[in-house]
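Only one structure is covered here, and it is reproduced in the block below.
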Amino acid sequence: MLPEGEEKVTAVRAMFDAIAPRYDLVNRIMTFGLDVRWRRRAVRALDAGPGATVVDLACGTGDLCRDLASAGFRPVGVDLSLGMLRHARTDAPLVEADALRLPVADGSVDAAVSGFALRNFVALEPVLDELARVVRPGGRIALLDVATPANPVLRAGHHVYFGRVVPRIGGALSDPAAYRYLPRSVAYLPPPDTMLAMIGTAGFGAVRREMLTGGIAQLLVGTRLVTTAAGRSGP
Ligand SMILES: C[S@@+](CC[C@H](N)C(=O)[O-])C[C@H]1O[C@@H](n2cnc3c(N)ncnc32)[C@H](O)[C@@H]1O
């Protein structure tokens, strides 16, 4: 059984505290370095102007913060796990906080990104509502996570690699329980259409899903709508 509610928050924080020292190494090995390419794609999808302030939600060890800074933006990283933040390699300001309660003023950031964290939140809707609160109208969000390929052959290969090989690699190099949890945690992700609808309901328009590397990862993008007294209008 996968944990839920407060039990999940406690388990997720403890797990990332434990795997933090070798998190980057295991990521690079198990994705053959593709995770680096996916994060850069997410940063490009923001289409933000130079100097834009971008929240990196669940920033972990700061990979996206570094990519954001290289692209000329001003990242701010937020994460629940102090262990992950202590191992971060970035000059960006980092804050220990829950994605459900961002210490950021309403409409005060130009954009937000998140890398491989959606499965780890207790619930997606309140996190999306929180993103809609902090991102200014017209600003974009770009959310990355793992996915399951639609092609049956790729799906079968991915099932073996992600379900059996990845836990062995992670178990050998880091914490076995954490890397057994990784393939199981995909079950937390709602179906793609539901996720797109949730993003729309939270207050984002032009919502789209981009499949990466044959569908083993996905990028969800949306633009914060302008909210008027009469309701929501266009981005
Ligand atoms: C798989 S790691 C991803 C780290 C980084 N974004 C990356 O691209 O490598 C997931 C991160 O989500 C963080 N996290 C999980 N639940 C969170 C929450 N409720 N609020 C903030 N961070 C959270 C974990 O501490 C962990 O650092």
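Every number here is computed from the coordinates shown, using simple stated rules; none is lab data. Every value quoted in this text rests on a predicted model; they were computed, and no experiment measured them. Cβ: placed from backbone, ideal geometry, glycine included. Neighbour counts: every protein chain shown.
With the simple spin-label model, which puts each label point 7 Å out from Cα in the Cβ direction, the D129 to F32 separation comes to 4.2 nm.
Let me know the charge dipole size of the range 1-84 about its Cα centre in debye, to the nearest 20, where only the beta-carbon of Lys, Arg (+1) and Asp, Glu (-1) is charged. Please report the intermediate quantities before stating the final value.
Working: 11 positive and 11 negative charges, 91 e Å.
The calculation lands at about 440 debye.
Candidates V127, A58, A45 compared by Cα position along the dipole of the range 5-163: farthest toward the positive end lies A45, with charges placed on Cβ.
Label positions at R22 and A177, each projected 7 Å from the Cα along the C-beta direction, are separated by 1.6 nm. Mean separation of Cα pairs under 8 Å and 6 or more residues apart, divided by the residue count, gives the range 1-74 a relative contact order of 26 percent. The orientation-averaged shadow of the Cα convex hull for the range 118-181, equal to a quarter of the hull surface, comes to 6.3 nm². For the pair the range 98-167 and the range 1-51, the centres of their Cα atoms are 9 angstrom apart. In degrees, nearest 10, range 0 to 90: what is the angle between the Cα axis of helix 5-19 and the longest Cα principal axis of the chain? Value to nearest ten degrees: 60.
If you build the Cα gyration tensor of the chain and take the root of 5 times each eigenvalue, what three semi-axes come out, in whole angstrom, biggest first?
Working: eigenvalues 150, 80, 59 Å².
After diagonalising the Cα gyration tensor, the semi-axes are 27, 20, 17 Å.
Counting only DSSP H runs of at least 4 residues, each contributing -39500 (n - 2.57), and dividing by the residue count of the chain, the helix-based mean residue ellipticity at 222 nm comes to -12000 deg cm²/dmol. Label-to-label distance, D47 versus R136, with points set 7 angstrom from Cα along the beta-carbon direction: 1.8 nm. Since only L189, P152, G171 are under comparison, the one whose Cα sits farthest along the positive direction of the charge dipole of the chain, derived from C-beta charges on Lys, Arg, Asp and Glu, is P152.
Taking the Cα centre of the chain as the origin and placing charges on Cβ (Lys, Arg +1; Asp, Glu -1), which of V26, V76, A14 is farthest toward the positive end of the dipole? So the residue furthest toward the plus end is V26.
Quick check: from the Cα gyration tensor, does the range 34-154 come out rounded (a/c under 1.5), prolate or oblate? Rounded. Here, P(r) means the percent of Cα pairs in each 5 Å bin from 0 to the largest distance; for the range 131-235 it is 2, 12, 17, 17, 15, 12, 10, 8, 4, 2, 1, 0.
Taking R0 as 30 Å, what's the FRET efficiency between S108 and L82 from their Cβ-Cβ distance, rounded to 0.05? Please report the intermediate quantities before stating the final value.
Values: r = 24 Å, r/R0 = 0.81.
Calculated value: 0.80.
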